[in-house]
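Working notes for the structure below.
None of the figures in this text is laboratory data; all of them are computed from the coordinates on show. Worth saying up front: this structure is predicted, and the values here are computed from it rather than measured. Here the Cβ positions follow ideal geometry from the backbone for every residue, glycine too, while neighbour counts run over all protein chains shown.
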């Protein structure tokens, strides 16, 4: 069976560490651009995005090109999906054109898992519904590690629309495997109780101050209006109770960092001042997206055995 | 004169309190006698040595998809699947196209069944016109045409006042009201049971309370109206408790459970495999335990499959786009033996009761017994024959079963309807 990357949940700590180590190798030197490699010369990858995306798609495209692979991008509206073709048929058609991997984003949770049962070609999940977004969690971990921290014992507050967040789930699985303490915070309607049973080291709170107190990492999430099916908090009330403002940072550890997977909604879940503060590593996350995705593409497409860090 | 002698089986007929090795003598579609060493003179003989001989099994909850969705199932194909599952009678739900909400559709189904079905088909009529939940359907004329109960099944009556009126009408007409209990506002958008598994998989949840609030409402309405009210495919632990409570208060509130809710919990789902997607959804393990206990302690009165065929084109999609429902007829006995009898939770007599006199009593059918003079519907099954379910060989037109490839110990061996062997293994 094809070894793609469907989610963090099924990965071992060693596999994750190997990707993170390799991503560090791909990071550009201070002030320079990403180096160009020919590690994936003659390989081809298809970017298949059924949901809009700017950063993830561009990031995957750049990562593929930096490794010397050919990359083709397709958006759902331009594809035969709009002509009523089923998802399985669309993927089978693309697979018949013999790419070495398919990068896929889809609004339905589990869509890539469902498809992988019918396809030999490895699928890289670039976000499936409200389930997982594995490369986001990997780039978040890379960003945290770049600050010199260890994940073990770290207190990470993830705040916002947890229920609808694939970023939250992938981060919970990753951080939990490395022994971090994860505090999930949001209004009860966006914070299912059962979250505390999906991984070890998870606690829940509806109180933002409590979540941020002594946190090493504050990870803000976008309010996903497009996935919420009923009105919850009004925009102003949400910001008042769950928006990150500069004052909150005083509760956190002095060296705490502020993260956000983007796109950010200034004044909705994070104030401009917090987003642009010295603590913010939001753009470092974007940059790490490329090196992490280079590591993932290499792992999936190079055909090399990947049994841990030394495999590279 | 057509005669059949079923020899030497263990005859279990809970309705007549019979359990012992005997012969069953059938003539002209009617049971003529049950006794030891009956003479075979002139009869066809079925040797049932080592097998259980029971009244014909009744599945009081199926979807035969005809009229309207013949690409998924027909009355004929569904009846053949029923026969292969050991059922001699099935009760199709009214969510056809058009909805079975009037005597014309009821008669059409009965006539189709008369010509093409190999088992008895007793339609269930709609509660409201178009199952839209607003205006009562022509309940009396459907009953006269042959409907044996009323239900809006997957589109439960949300308006409590309409439900009350339906129960009052049903009581006046002497017909049972069956409800698929699901508060549609609480369950809206959900694809699986709400719990750790749905959160883990990022799928929207159908909370247990969406079933419970409607069971509670209906029990209160049943008390007010005095209607004979039946809870379809009960799946949540609180609902089982409430039905038990209603029974303890002397209310006639029977309930059915499906084999899949006895066998599978949400965590047994193959992730994003729509063969595990149905309503009510596979619940948490403690709900499964409660349903099993409900069968043991009598809170639950019948096993029904909720056989719900869907073609591959509809089930082979992203999980959230797939329709709800799975096949059930051919695996019901195998799954029930595995979950209930083999682990010693209930005896074989109680199992037979859940498939025969249980549903017959709920619907007021003159079936479910081997008493002399009863229609000669007989289910012959084994408790130890090993076999493997291959859904690609199913008599159903659809293939949506989570039990494909499963190995069973015990299952149907032959099905006799009105004295005719309509299926044998």
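Points to keep in mind about this one:
- Computed [θ] at 222 nm, deg cm²/dmol, the protein assembly as shown (DSSP H ≥ 4; -39,500 (n - 2.57); rounded to nearest 500): -9000 deg cm²/dmol
- P(r) tail for the stretch A:148-280: Cα pairs beyond 20 Å make up 39% of the total.
- Rounded to the nearest 0.05, the FRET efficiency derived from the C-beta distance between residue A:152 and residue B:141 at R0 = 60 Å is 0.25.
- Scattering curve values for the stretch A:185-262, log₁₀ I(q)/I(0), Debye with Cα scatterers, q = 0.22 Å⁻¹: -1.21
- Each listed q (0.11, 0.13 Å⁻¹) maps to a log10 I(q)/I(0) for chain A, found by the Debye formula over equal Cα scatterers with no solvent: -0.66, -0.92.
- Principal semi-axes of the equivalent ellipsoid, √(5λ) from the alpha carbon gyration tensor of the protein assembly as shown, are 56, 28, 22 Å from largest down.
- Computed log₁₀ I(q)/I(0) - Debye formula, equal Cα scatterers, no solvent, the stretch B:277-425, q 0.10, 0.14, 0.16 Å⁻¹: -0.40, -0.80, -1.04
- Structural descriptor for chain A: relative contact order 22 percent, calculated from alpha carbon pairs under 8 angstrom and at least 6 residues apart.
- Of all DSSP beta bridges confined to chain B, the antiparallel ones make up roughly 55%.
- Highest-fluctuation residue, B:159, B:100, B:275 considered, GNM on chain B with Cα pairs under 10 Å: B:159
- The C-alpha radius of gyration of the stretch B:341-417, expressed as a fraction of 2.2 N^0.38 Å, stands at 1.30.
- The mean number of Cβ atoms from other chains found within 10 Å of a Cβ in peptide B:402-409 is 0, as a whole number.
- Share, in percent, of DSSP beta bridges within the protein assembly as shown that are antiparallel, nearest 5: 35
- Semi-axis lengths (Å, descending) of the ellipsoid that matches the C-alpha gyration tensor of chain B: 32, 24, 21
- Highest-MSF residue in chain A out of A:54, A:206, A:75 [GNM, Cα springs under 10 Å]: A:54
- Over all directions, the projected convex hull of the C-alpha atoms in the stretch A:1-109 averages 8.4 nm² in area.
- Percentage of interatomic Cα-Cα distances in the stretch B:204-330 larger than 16 Å: 62
- For the stretch A:192-220 and the stretch A:114-174, distance of Cα centres in Å: 16
- Rel. contact order, % - alpha carbon contacts under 8 angstrom, at least six apart, chain B: 20
- Taking B:370, B:38, B:264 as the candidate residues, the one with maximal mean-square fluctuation in a Gaussian network model of chain B, Cα springs under 10 Å, is B:38.
- Of all DSSP-defined beta bridges confined to the stretch B:1-75, some 70% are antiparallel rather than parallel.
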